[in-house]
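Single-structure report; data block below.
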Amino acid sequence: MSDTIFAARGDKTDIETGTGFQPKFDTDGLVACVVTDADDGSVLMVGYMNAEALARTLRTGEAWYWSRSRQSYWKKGETSGQVQQVVEVLTDCDQDALVLRVRVAGNGATCHVGYRSCFYRRVELGPDGSPRLEPTGDARVYDPEVVYGKS
């Protein structure tokens, strides 16, 4: 499958109000994808898709991404069993960002370090004004060493 399943980019009016899905991939061929829980709206992760990963996602109903670090495709949950079943794909007004609303199989976790969401820390300013990370209070859902054999 390839990017030919997507409509060619049209003019501003067509992109912003038309019915053709015309994703705009960046110079690396990627589009950012915010992943949320379909039931409670929690932000679970942010990933990137190229045209093929997006096409696989639409075709299979399971989330596929492009790993920028490994330079390869990955189906979320293929190793861990935490497959993301796609409920809905949304695009923004200029079609250069996506939101995937998903339900996560297995233990419901998304983060590879064991948390339900990859957003388990918040940025706060210390007394000296420098930013630091503080836990949100969410507990780990699983031990990554058990699932992946490493942390």
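Summary of values
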{"quantity": "Segment 23-96 and segment 111-140: distance between their alpha carbon centers, rounded to Å", "calculated": "23"}
{"quantity": "Estimated [θ] at 222 nm from DSSP helical runs (n ≥ 4, -39500 (n - 2.57)) normalised by residues in the chain, nearest 500", "calculated": "-3500 deg cm²/dmol"}
{"quantity": "Cβ-derived FRET efficiency at R0 30 Å, T60 paired with D14, nearest 0.05", "calculated": "0.60"}
{"quantity": "P(r) weight above 27 Å for segment 3-139, C-alpha pairs, percent", "calculated": "28"}
{"quantity": "Among beta bridges that DSSP assigns inside the chain, antiparallel share in %, nearest 5", "calculated": "80"}
{"quantity": "Listed residues L100, L125, L133, most fluctuating in the chain (Gaussian network, C-alpha, under 10 Å)", "calculated": "L125"}
{"quantity": "On Cα atoms only, tilt of 51-60 relative to the major axis of the chain in degrees", "calculated": "80"}
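Quick note: the coordinates plus some simple rules give every number you see, no bench work behind them. On a predicted model such as this, the values are computed, not experimentally measured, just so you know. Positions of Cβ are generated from backbone atoms using ideal geometry, with glycine treated the same way; all protein chains shown enter the neighbour counts.
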